[in-house]
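Each remark here refers to the structure printed beneath this line.
The values are calculated or read from the model by the stated rules, or taken from the named source; none is laboratory data. Bear in mind the structure is a predicted one, so any value in this text is a computation, not a measurement. Please note: Cβ atoms are built from the backbone with ideal geometry, for glycine as well, and neighbour counts cover all protein chains shown.
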Amino acid sequence: MSFAGDVKNELVRVAEETACCEQAELSALLWMGGVISFGGKGRLGIKFVTENAAVARKALRSLKKEGVEDTEVKVTRALRLKKNNSYELRALPSPAVTNLLARMDILREGLLAEAPASPPRKNCCRKAWLRGAFLAGGSINRPEVEYHLELVAQNEGFARTLVAALRSFGLNAGLTTRKQDYVVYMKEGDAITSFLNLVGAHEALLEFENVRIVKGMRNQVNRLVNCETANLAKTVNAAVRQIEGIRLIVRRRGIDSLPRPLREAAELRLAHPEATLQELVEAFDGTISRSGMSHRLRALEKLAEELAAEELP
């Protein structure tokens, strides 16, 4: 099962403490994934489709709690792609459904609303509302791959209401379009973990954080290794360049032609071709500083460059 499926299976087990929170969650489920059907005498029905069996059961229980009894569930299996089951929940047109849609503010003065007027005012209800939205149209990538959570809405008004609800909790969410849908998304690890905590997916939150820690440690180790590799390459290149220069000086003038400080540095470099600058300083028993040793080696390199230039036509 996908990570998003694991999160949804955990969220359907979250027990709401108050009736208003239950209604807020159901409202988001219907706004996000419900399709309104029309029957005789102005009666309305609902069709809700999901690939998650637990979400379908949750929606069915919530509808029955609200007095909607005339329901049916149809299970179909896709013939292409992943061949997942699809669960189609239907609440047949009835006065109970019409009254429910009116209480959910989906039906206003006999007309279907395009979007909620605003997110629920109470924090607890707003959290339940976001939970319902994720159950109906949310997805989240496994953190091993990338940090990405999205809520796919059917209309722009509802998508903007989702963004407002998320930002009311300090979560930075973006909004984009994908074909005919409006996608509310978050790509920051901190924002995603805050969302999981907000809606009550604590087990998923722990798994997400564990992966983040491992990825962070791995990235830090890689940075350190890359830094060490770069430093090693720099040291080796400098040593090779210095040794070639000293050998040129020895061939052209002889090592005894050098002043004593430079001769000592040249002999030490030839004796320790793989040593770092600090190791050369230590080989002098601390009688010279790093800057002093570096100055002598640069002087030898400059002299070698001058001798090499004399060989040019």
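Below is a table of values for the structure above.
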{"read-out": "Cross-chain or 6+ apart pairs with Cβ under 6 Å, the range 101-116 first and more than 21 Å from K41 (Cβ to Cβ) and of a type in the set (K, R), then at pLDDT below 80 and in a strand (DSSP E or B)", "value": "none"}
{"read-out": "Every pair of residues 6+ apart whose Cβ atoms lie under 9 Å, when the first sits in the range 249-264 and is closer than 19 Å to F284 by Cα while the second is among the polar types (S, T, N, Q) and surrounded by 12 or more Cβ atoms within 10 Å (Cβ to Cβ)", "value": "R263/S257"}
{"read-out": "Spans of strands (runs of 3 or more DSSP E) in the range 134-179 with at least 1 residues buried (at least 16 other Cβ atoms within 10 Å of the Cβ)", "value": "138-140, 149-153"}
{"read-out": "Residue in the range 286-301 that is in contact (Cβ under 8 Å) with a residue 24 or more places away in the chain, assigned by TED's automatic domain parsing to the domain that holds Q242 and exposed (fewer than 11 other Cβ atoms within 10 Å of the Cβ) present", "value": "no"}
{"read-out": "Filter pass, E10 being of a type in the set (D, E, K, R), at negative phi and surrounded by 14 or more Cβ atoms within 10 Å (Cβ to Cβ)", "value": "yes"}
{"read-out": "The range 13-27, residues that are surrounded by 23 or more Cβ atoms within 10 Å (Cβ to Cβ) and polar (S, T, N, Q)", "value": "S27"}
{"read-out": "Single residue of A19, A59, A15 found to be at pLDDT below 90 and touching a strand residue (DSSP E or B) at 6+ places or on another chain (Cβ under 8 Å)", "value": "A59"}
{"read-out": "Single residue of V7, V49, V73, V55 found to be free of Cβ contacts under 8 Å to residues at least 24 places away in the same chain and assigned by TED's automatic domain parsing to the domain that holds N141", "value": "V73"}
{"read-out": "Answer from L149, L206, L175, L198 - the residue that is among the aliphatic types (A, V, I, L, M), within 14 Å of the chain's Cα centre (by Cα) and under 30 Å from R121 (Cα atoms)", "value": "L149"}
{"read-out": "Residue within the range 258-278 that is under 30 Å from E144 (Cβ atoms) and surrounded by 11 or more Cβ atoms within 10 Å (Cβ to Cβ) present", "value": "no"}
{"read-out": "Enumeration of residues in the range 28-65 that are more than 25 Å from D6 (Cβ to Cβ) and surrounded by 18 or more Cβ atoms within 10 Å (Cβ to Cβ)", "value": "L44, G45, I46"}
{"read-out": "Residue ranges of helices (runs of 4 or more DSSP H) in the range 194-313 with at least 2 members under 30 Å from N9 (Cα atoms), at pLDDT below 85 and not β-branched (V, I, T)", "value": "202-252"}
{"read-out": "Any hit, the range 201-211, residues being out of contact with any Asp or Glu (no Cβ under 6 Å at 6 or more places or on another chain) and at positive phi", "value": "no"}
{"read-out": "Flag for K58 being within 20 Å of A201 (Cα to Cα) and either part of a helix (DSSP H, G or I) or within 33 Å of the chain's Cα centre (by Cα) (or both)", "value": "yes"}
{"read-out": "Leading residue by the ranking (farthest from R167 (Cα to Cα)) among those in the range 195-227 that are basic (K, R) and touching a residue at least 60 places away in the same chain (Cβ under 8 Å)", "value": "K215"}
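To keep it simple, each residue is scored yes or no on (1) more than 17 Å from Q154 (Cβ to Cβ); (2) in contact with a Phe, Trp or Tyr (Cβ under 9 Å, 6 or more places away or on another chain).
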site	(1), (2)
A24	yes, yes
S27	no, yes
V35	no, yes
K41	yes, no
G45	yes, yes
Y87	yes, yes
P93	yes, yes
T98	yes, no
